[in-house]
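Okay, so here's the structure we're looking at.
Every read-out reported here was derived from the displayed coordinates using simple, explicitly stated rules and does not represent laboratory data. These numbers come from a predicted model, not from an experiment. Cβ: placed from backbone, ideal geometry, glycine included. Neighbour counts: every protein chain shown.
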Amino acid sequence: MRPWLIIAGLVILRATGPMAQEAVAEFKSDTGTPTTELLVRSTTDIEILAPLLQAFVTANPTIHLRYEQWGSNALYDDSLAACERGSEAADVVFSSGVHQIVDLVNRACATPYRSAATDALPVSRRWRDEIWGITQEPAVIIYNTALVPKGTVPDTRFALLDLMRQPESAFTGKIATYDVEASGLGFLFAFMDSLEATTFGSLLEGFSRLKAVATCCSAEIIDGVAEGRYLIAYNVLGSYVDARPRRDVGVILPRDYTLFLSRTFMIPKQAAHKREAAQLLEFLLSPQGQTMLAEVNLFQRTDRDARPLPDSARRAIPIDPKLLVAMDRHRRQLFVEQWRTTFARERED
Amino acid sequence: MADRSGVAPVTTSLLSRVMVGVLSLLAIGGCVITLAAFAYGRNAARQAYDRLLLGAAQDIAESVDIRSGAPVVDIPVSAFGLLALATDDRIAYAVHGPNGALITGHDRVRQPEPADARSAAPVYFDDAMQGEKARFVTVLRRFTERDFSGTVAVTVGQTLRARHAMAYELTRGAMLVTGLGGLALILSAYLVIRSAMRPLERMAEELTARDPYDLTPMMADGPAEVAVVAHAMNRFMQRLDRQVGAMKNLISDTAHQLRTPVAAIRAQTELALEDDPDQQPQRLERLVRRTRSLGELLDQMLSRALVIHRADNTPPELMDLRDIALRVIEEQDHEVLAPGVEVELVIGDRAVMVMGDEISLCEAVKNMLANALRHGQAPIQVGVGIEDGDAEIWVKDAGEGAPEEVLSRIGQRFERSAASSGNSAGLGLSIVKSVAGALNGSFRMERTESGFRATLALPVDTSGEQP
C-alpha cells in the first residue's frame, strides 16, 4: 500500500451548496512539522492527484496542503470574486476550464512567476508567465468494444459522419456527448471543434439526425458506453476514461485531429503563499512530477502508442487570449442556441 | 623651492585634445540619435499596434448583426487573433448600444465621451485596465434597420507591453548600429588623426633628441603645414649657424690681423723710447703711419662684420644701383684717401633696379673705389649699367691691375700678406665678395683695353620696374 492511501488527513466531504467545494483532502508529511498551509482549488479528482500531492508534501515537509475539489464554473466564480471583490483567495487554482483561467489572467487576477522550468514549456502552454498548462489530455471517441463491430469503429470524424449518415442506423439514440450547457469542459471542446474544422456543422447535423444524447458528466458517459446504453461517445476526456478502466470500452484518438487539453495552473494575485504555490508548480513541471502525471494518465504520451498520431493531427488547445472569445456572452449564447436547436428535436420526440 | 620654470609643463598632446573633441562630438551625436531613435521607436510601435487594435475593433463591429430588433455580436476569433499578436498583452473589449448599455464584453471598459463619438472616425484613447496603462480604440457602426436604429460602439483595448517591447527593440537596434558606427568612427578618427599628427610627432621627437648645439637642417618632408614649420626652423638654424660662424671668423680674423700691427707698434714705441733722441721724429712718424694703418684695418674689419651681419638680418629692398654710385661719390670718402684724384661717374638715364641692402652695397662700392684709388691709376670711373641681363656696378682705373696670382686669391677671407704688410686691400675685396654672395651676385676683376675693372654684378629686378 502506498503511503498516500493511508494518510490520516484524507477527508472527503460531499458538496452541499452550488458555490462550495465538492470534496476536500489534506496532505502533510509523515515526518516534519508543517508551518504553512497551502490552499489548492482544483477541478481534478482528489483520487487522481493524491499520489502527486503526497509526494510533494513529502519533499516539502513544511507545507501542509489543503486540496479542495471544485466544479469548473464554481471555481471560476470563486476566483473572480476573490480577485475583484477581495474574498478569500486560494494559493493555487488548477483547472481544466482553460478559457476561464485565461479570462482570469486577462482580468489581471494572477501573479507572474518565471523560472527555467516555465520557460521550457512550449509557448502554447503558457501566457504572460501567469498561467501554465501542466497536463496533456486528449479528447477522444470511446465505443463499446462488444457491441460495435470492429470494421465500423470510426477513427476519424469523417468516418463518424459516414456512420451517422446511414439511414436506419443502429446508432440512433446510442451516441452520447457532453451537454455544453452543463459541462464547461464539453463547451470548451465543442467550441474548439467549431473553430478547428468545418466538420463541426455536419457533426451537429448528424447528432441531430441520430438523436444523440447530450449529458453532463464524464462518469455517466463512460459508464453508459461500458454498459451498452451508448455505443459511441464523442469528445470524452481521455484521462477520465483511463482513470476508470472498463472492460468493454475502446478509446480512439481521431486521426483527422485530436484536441489536447492542458489543465492550467494559476497563482491568484491575492494568494497568501505565493512562494509555496510556485514550489508546487515547480514540482508539477519537474521530471518527477511529469512522470507521476503520466502514471495517472494526466500526461498523454502519444509516442508510446502502436499507431502514434501524426504531428499535424495533434491540436493543443492553446493557452492564449483567443480563448476569451469562448467567454463572450453573446458568442456563448449563439453557440448554445445552435446547440439547443440541434438537440431540441431529440427532446421533442 | 627650486625654480622649475625652465621645465616645460606637461600639457595634453594634440592627438588627445583632438580625440577628446571628436569623442565629445560623437557622444553628443549618440545622445541625440538615441533620443530620436526612442521617439521614433515609440511612435512606430504606437502606430503598428494601434492598427492591430483598430483591425480588431472593426472585425468585431462587422460581426454585429440585428436579430429580432436587438444587436447581436458574434465575436470573431480572428479579432482576438489580431490582438494576440501582441503576445503578452491583456485585452479588454466592450460593445455598447445606442443608450450606452453594455451589449457584451467587459463591464469596466469606459466608453469615450459622446462628443468624441460624434464623428465616424475611430477614437483612440488611453485609459487604465485593472490598474495597468492601456490603449483603447472605439469604432462606431450605425444601423438603420426596420426594427433597430442607432449606433453601436465597439471599444477594444490592450495593455502596452508589446508596444514597449517593440519601442525598446527598435531603440536598441538603432543604438546597436549607432554604437558600432560610433566605434568605427572613433577608430578611424583615431587612425586618421594619428597619421595626420605623425609628422608633427616626428618633428617633436627629432627636436627633443637633437643636441642643442646641432644646427644642421632637419628633415622637412611631410604635409605643407609641417614642412613650412620645418623650413622656417631650418632657415632660422642656418642663419644662426652662419652668424655664429661669422662671429667666430670675425674674432679669429681680428685676433690674427691685429696681432702683427699691434706688435709692430709696440716695437716701434719701444725703439722710440730706447733710441737716440735724433731718431725720434722719424720713429714717431712711422708710429703714426702704423697707427693710421691699424685704424683703417679696424674700419675695414668692422665694416665687413657689418656687411655679414646685414646680409643675414636685413631683408633686401628694391633699389636703384645708380643711387648707390651717386651716394658713394657724394660722400667723398675718396678725398681723404687720395686727395685731388678725380672720380668720374658713368651712369645712364635708365634705372638699374636690384634687390639689395643699401648700406652693404655702399660699403662694397666704397671698398672697390678705395682699392682702385690705392692701387690703380687715374682717371677712375664708377659706373652702373646692365650687361648680359645682369645689373652691374663697376669701378675702373687706367692701371695694369693686380698681378695674376694676387687676382686668383683675392677676396679670400683674409690674407696674411695684406695684414702683415699693414694694408687692407684683401680684406676690402673680401667684403665686396661677401656682399655679392649675400645678394646672389658675383664679383669679378678683369683687365680691359682701357684699364682694370672691378665689377659687382647683381640680378636685375624686373618686378618693380617702372616704365
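One table, with the values for the structure above:
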item: Calculated Rg and Dmax of the range B:22-168 using C-alpha coordinates, Å; result: 18.8, 75
item: P(r), alpha carbons of the range B:241-459 - 10 Å bins starting at zero, rounded %; result: 8, 31, 34, 18, 7, 2, 0
item: Assigned charges on the beta-carbon of Lys, Arg, Asp, Glu; chain B dipole about Cα centre (debye); result: 2680
item: The protein assembly as shown: radius of gyration over Cα atoms, expressed as a fraction of 2.2 N^0.38 Å; result: 2.10
item: Cβ-defined net charge surrounding A:Phe187, 14 Å radius [Lys, Arg +1; Asp, Glu -1]; result: -2
item: Residue-averaged beta-carbon neighbours from other chains (10 angstrom radius) around A:117-130; result: 1
item: Packing-based exposure ordering (other Cβ within 10 Å, fewest first) of B:Thr216, B:Thr104, A:Thr156; result: B:Thr216, A:Thr156, B:Thr104
item: Relative packing of B:434-441, B:191-198, which averages over residues the other C-beta atoms within 10 Å, highest first; result: B:434-441, B:191-198
item: Set of lysines near A:Lys211 by C-alpha distance (under 22 Å), chain-local residues within fewer than 8 positions excluded; result: A:Lys174
item: Pair B:Arg202, B:Val262: separation of 7 Å Cα→Cβ label points (nm); result: 5.1
item: Taking A:His330, B:His96 and counting other C-beta atoms within 10 Å, the order from fewest to most; result: A:His330, B:His96
item: Computed Rg/Rh of chain B, alpha carbon atoms with Kirkwood Rh; result: 1.56
item: Scattering profile of the range A:173-289 at q = 0.11, 0.21 Å⁻¹ [log10 I(q)/I(0), Debye over alpha-carbon scatterers]; result: -0.49, -1.18
item: Computed FRET value (nearest 0.05) for A:Phe158 with B:Leu187, which takes r as the C-beta separation and R₀ as 60 Å; result: 0.35
item: Ellipticity estimate at 222 nm from DSSP helix runs (n ≥ 4, -39,500 (n - 2.57)) divided over chain B, nearest 500; result: -19000 deg cm²/dmol
item: Candidate lysines for bridging to A:Lys28, where Cα separation is under 29 Å - those fewer than 8 sequence places away on the same chain excluded; result: A:Lys269, A:Lys274
item: Length gained when the stretch B:Gln279-B:Ser252 is fully extended (0.36 nm per residue, less Cα-Cα span); result: 6.1 nm
item: Least to most buried among A:Val93, A:Val296, B:Val336 (fewest other Cβ within 10 Å first); result: B:Val336, A:Val296, A:Val93
item: All lysines inside 21 Å of B:Lys396 as judged from Cα atoms, apart from same-chain residues fewer than 8 positions distant; result: B:Lys366, B:Lys433
item: Alpha-carbon centroids, the range A:132-149 and the range B:225-256: separation in whole Å; result: 111
item: Mean separation of Cα contacts under 8 Å (6+ apart) over length of chain A, as relative contact order %; result: 23
item: For chain B: relative contact order, % (alpha-carbon pairs under 8 angstrom, 6 or more apart); result: 11
item: Mean Kyte hydropathy of -0.5 or more with a Cα span along the axis of at least 24 Å, helices from DSSP in chain B; result: B:14-62, B:161-209, B:224-274, B:358-375
item: Estimated FRET transfer efficiency (A:Cys217, A:Thr36; beta-carbon r; R0 35 Å; 0.05); result: 0.50
item: Separation between Cα centres of the range A:266-289 and the range A:29-76, rounded to whole Å; result: 11
item: Charge context of A:Gly250, other residues only, Cβ under 12 angstrom, K/R +1, D/E -1; result: +1
item: Where labels lie 7 Å past Cα in the beta-carbon direction, separation of B:Leu54 and A:Arg255 in nm; result: 4.9
item: B:Ser13/B:Tyr168 FRET efficiency (R0 45 Å; Cβ-Cβ; nearest 0.05); result: 0.65
item: Computed over chain A, Kirkwood Rh from alpha-carbon pairs, angstrom; result: 21.0
item: Cα pair distances of the range A:95-198 binned at 5 Å [whole percent]; result: 2, 9, 15, 17, 15, 13, 9, 8, 6, 4, 1, 0
